[in-house]
1. Given the criterion surrounded by 15 or more Cβ atoms within 10 Å (Cβ to Cβ), touching a Gly at 6+ places or on another chain (Cβ under 6 Å), at pLDDT 95 or above and not small (Gly, Ala, Ser), identify the matching residue among Glu23, Glu68, Glu15.
2. State whether one or more residues within region 102-119 are within 16 Å of the ligand (Cβ to nearest atom) and within 29 Å of Arg18 (Cα to Cα).
3. Tell me, which strands (runs of 3 or more DSSP E) wholly within region 166-262 include 3 or more residues that are more than 27 Å from Tyr44 (Cβ to Cβ) and open to solvent by 10 Å² or more (accessible area, probe 1.4 Å)?
4. Answer yes if at least one residue in region 76-84 is of a type in the set (A, V, I, L, M), surrounded by 15 or more Cβ atoms within 10 Å (Cβ to Cβ) and more than 16 Å from the ligand (Cβ to nearest atom), and no otherwise.
5. Pull up region 30-42, narrow it to residues that are open to solvent by less than 60 Å² (accessible area, probe 1.4 Å) and over 12 Å from Leu195 (Cα atoms), then point me to the one that is nearest to the ligand (Cβ to nearest atom).
6. Filter region 140-158 for residues that are open to solvent by 20 Å² or more (accessible area, probe 1.4 Å) and charged (D, E, K, R) and give the result.
7. Cβ-Cβ under 7 Å, sequence separation 6+ or interchain: first residue in region 133-152 and under 18 Å from Arg204 (Cβ atoms) and in a loop (DSSP other than H, G, I, E, B), partner acidic (Asp, Glu) and modelled with pLDDT of 95 or more. Which pairs?
8. Pick out the one residue from Gly125, Gly104, Gly137, Gly132 that is within 19 Å of Leu157 (Cβ to Cβ) and open to solvent by 10 Å² or more (accessible area, probe 1.4 Å).
Amino acid sequence: MRVIIVPDYDALTEEAARIIKKEIEIKPDLVLGLATGTTPLGVYRKLIQFHQEESLDFSKVRTFNLDEYVGLSPKHPMSYNYFMWNNFFRYINIREENVYIPRGDIKDLQAHCRWYEQKIKQVGGIDLQLLGIGRDGHIGFNEPGSSFGSRTRIKTLTPETIEDNSRFFKNKEEVPKYAITMGIRTIYEAKHCLLLASGKTKARAIRECIEGPVSAFVPASFLQFHPQVTVILDEQAASELQRKDYYKHSEKFQRQLEEDLK
Ligand code: PGA
């Protein structure tokens, strides 16, 4: 795991957006796994800026979102489909047919989950997967207890997640109880995972994810097995890491090495 600690949220979004930009420049038809929530919002803003000011081209990029609420149609203002179009896709030159987001309003959700997995395979797998982390250590909506072998499926949300996400709804009762989410195995098969966390409320989950034992109790900890993970944290999210100074030291030398090898 490459752990990059930056002073604040702005620096985090800049760092993450630059990594994504670089990968799109290397591979214009990149398969990009995307996330919703507050954390990636700044990254989307930065990518929109790169598109508008530096002509970053999304015309061949394919995207797959991690998850969607069960029961909400794509037009519902709280759906993740709506979130993605409203906060990102409408401002860039992505083609609608290259955007994949699970549908939460389909009758046969099981068949839809299998179709989603199939689609990811068909395009050759996800190249870069953007991830946030929940206070309970979830990635996507893989709540504690999710198996390492899990694929796209329906998950019941934990009371903690419902509480956290109720800030977007009128009240807690309106938050859907289920979501359709890529599984841990689906995420694990992405070639590169980019995990972002900002703020004190994520500090414990980050400590458990990076330095704790690998356990289904903290689904993000499965990323410890992955060969290419970049974690970008602001100081607050990194505040409980035991080896924080080492990560900073190591990143400094890693950058120096990359400069020398140019
Ligand atoms: P957040 O959500 O970015 O809104 O904190 C992250 C998550 O729950 O995965």
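1. On the way: Glu23 fails: touching a Gly at 6+ places or on another chain (Cβ under 6 Å); Glu15 fails: touching a Gly at 6+ places or on another chain (Cβ under 6 Å).
Within the list Glu23, Glu68, Glu15, the selection yields Glu68.
2. So in region 102-119, the residues within 16 Å of the ligand (Cβ to nearest atom) come out as 102.
Right, trim to within 29 Å of Arg18 (Cα to Cα) and you get 102.
Among the residues of region 102-119, at least one is within 16 Å of the ligand (Cβ to nearest atom) and within 29 Å of Arg18 (Cα to Cα), which makes the answer yes.
3. none
4. Within region 76-84, none of the residues are of a type in the set (A, V, I, L, M), surrounded by 15 or more Cβ atoms within 10 Å (Cβ to Cβ) and more than 16 Å from the ligand (Cβ to nearest atom).
5. Here is the first cut: in region 30-42, the ones open to solvent by less than 60 Å² (accessible area, probe 1.4 Å) are 30-37, 39-42.
Right, trim to over 12 Å from Leu195 (Cα atoms) and you get 30-32, 36-37, 41-42.
On the way: Leu30: 22, Val31: 20, Leu32: 17, Thr36: 8, Gly37: 3, Leu41: 8, Gly42: 10 Å.
Among them, the one singled out is Gly37.
6. Filtering region 140-158 for residues open to solvent by 20 Å² or more (accessible area, probe 1.4 Å) gives 144-145, 147-149, 151, 153-156, 158.
Once the filter is applied, which keeps residues that are open to solvent by 20 Å² or more (accessible area, probe 1.4 Å) and charged (D, E, K, R), region 140-158 yields Arg151, Arg153, Lys155.
7. Close Cβ pairs (under 7 Å, with a partner that is acidic (Asp, Glu) and modelled with pLDDT of 95 or more) amount to Asp136/Glu143; Gly137/Glu208.
8. Details: Gly125 fails: within 19 Å of Leu157 (Cβ to Cβ); Gly104 fails: open to solvent by 10 Å² or more (accessible area, probe 1.4 Å); Gly137 fails: open to solvent by 10 Å² or more (accessible area, probe 1.4 Å).
The conditions single out Gly132.
The values are calculated or read from the model by the stated rules, or taken from the named source; none is laboratory data. Model, not experiment: these values are computed from the prediction. Using ideal geometry, Cβ is built from the backbone for each residue, glycine included, and neighbour counts are taken over all protein chains shown. Ligands, DNA and RNA are excluded from the accessible area calculation, which covers all protein heavy atoms including side chains. Shrake-Rupley method; radii C 1.70, N 1.55, O 1.52, S 1.80 Å.
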